[in-house]
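Written out below as structure tokens is the structure these notes cover.
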Amino acid sequence: MTIKIAFVMDPMAQLKPAKDSTLAMAEEAQKRGWQCYFMKINDLYLKNNQVYGACQGFTLDLTKVDWYQLEDSIEVILADFDLVMMRKEPPFNMNFIYATYLLELAESRGAKVLNSPRAIRDANEKLFTQQFPQCTAPTLVCSRTNELKKFLEEHQDIILKPLDGMGGSSIFRVKQDDPNVNVIIETLTELETVPTMAQRFIPQISQGDKRILMINGEPVPFALARVPAKGETRGNLAAGGTGHVQPLSEKDLWIANEVGPTLKEKGLIFVGLDVIGESLTEINVTCPTCIREISAGSGIDITGQLFDVLENLV
């Protein structure tokens, strides 16, 4: 019997097929003879005590200009799929949270959803790192200006960033003598009403912000080091960084092994760790990327490894 997999994701037209990790997954599913379906988060709904999706079957051929073909929309109970992959990219807003509630309800009705919707909702990608303090640089999370300034005075050179940011947005490097420190704190905390993360600046960012992919709690043995552009402190590719694939260091492996069992326990099957130097800085659980870049640079069939795991779950 054909395995049916549904991807909850962004609209196809918004994706970059040469780079997109969700499409890499869909290609692997298609290669294995699975039937793929597409839906957006606003296509999820509850009716008659069941969670449905207004979804469309699709096929991919990335060699063509018109690289995807969508079938007519149909109504499907999510529990009737063999697997539902939650691959909606941030922003992590209330609509995203509502979608995780619906997906969690679908789980209670028999659907198999990955990553776990409860874990996605609970694991803030920046705060989740603090469950592993042995892996992180000194960190403060608060909205109080005086505490943030004390942290700056202690460490002299820090990073300030919002808890809900992505792609390097609104990340500030602040030094003790920065004349803009007050306005940066006011902006990020929205006048002491929103908590902000402060971390000691890690100078090894010049060597890259490493993305380590985790499959069922185990690391892919190569990382993508995203090196900042000249004059930048952010390595994110969206902020102009360049990527270099490299083997995991002993410290990278140690961090992955510290975090991996918790990821597996929580149902976080596909996750991206961000590591700068020897410090874990983020745990990406919503829609981790970089499959294509790491696969191309290492020769590792990442989607093949992932779907070997998924086949054992369906």
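The values are calculated or read from the model by the stated rules, or taken from the named source; none is laboratory data. Owing to the predicted nature of the structure, the values given are computational and were not obtained by experimental measurement. Glycine also receives a Cβ, built like all others from the backbone with ideal geometry; neighbour counts cover every protein chain displayed. We work out accessible area using only protein heavy atoms, side chains counted, and drop any ligands, DNA or RNA first. Shrake-Rupley method; radii C 1.70, N 1.55, O 1.52, S 1.80 Å.
Just name the residue that is modelled with the lowest pLDDT out of those in the stretch 55-80 that are out of contact with any Asp or Glu (no Cβ under 9 Å at 6 or more places or on another chain) and among the aliphatic types (A, V, I, L, M).
Here is the first cut: in the stretch 55-80, the ones out of contact with any Asp or Glu (no Cβ under 9 Å at 6 or more places or on another chain) are 61, 63-66, 70-72, 74-77, 80.
Subsequent filtering for residues that are among the aliphatic types (A, V, I, L, M) retains 65, 70, 74, 76-77.
Details: VAL65: 94, LEU70: 98, ILE74: 98, VAL76: 98, ILE77: 98.
Out of the qualifying residues, it is VAL65.
Of everything listed in (1) open to solvent by less than 20 Å² (accessible area, probe 1.4 Å); (2) farther than 21 Å from ASP164 by Cα, the single unmet condition for PRO203 is (1). Among the residues of the stretch 1-21, those identified as outside any loop (DSSP other than H, G, I, E, B) and either in contact with a Phe, Trp or Tyr (Cβ under 9 Å, 6 or more places away or on another chain) or in contact (Cβ under 8 Å) with a residue 40 or more places away in the chain (or both) are LYS4, ILE5, ALA6, PHE7, VAL8, MET12, ALA13, SER21. The set of residues from the stretch 42-80 being among the β-branched types (Val, Ile, Thr) and open to solvent by less than 30 Å² (accessible area, probe 1.4 Å) comprises VAL51, VAL76.
Whenever a residue of the stretch 40-58 is under 28 Å from GLU27 (Cβ atoms), its partners that are in a loop (DSSP other than H, G, I, E, B) and at pLDDT 95 or above, lying with C-beta atoms within less than 6 angstrom and at least six residues away or across chains, give the pairs ILE41/LYS88.
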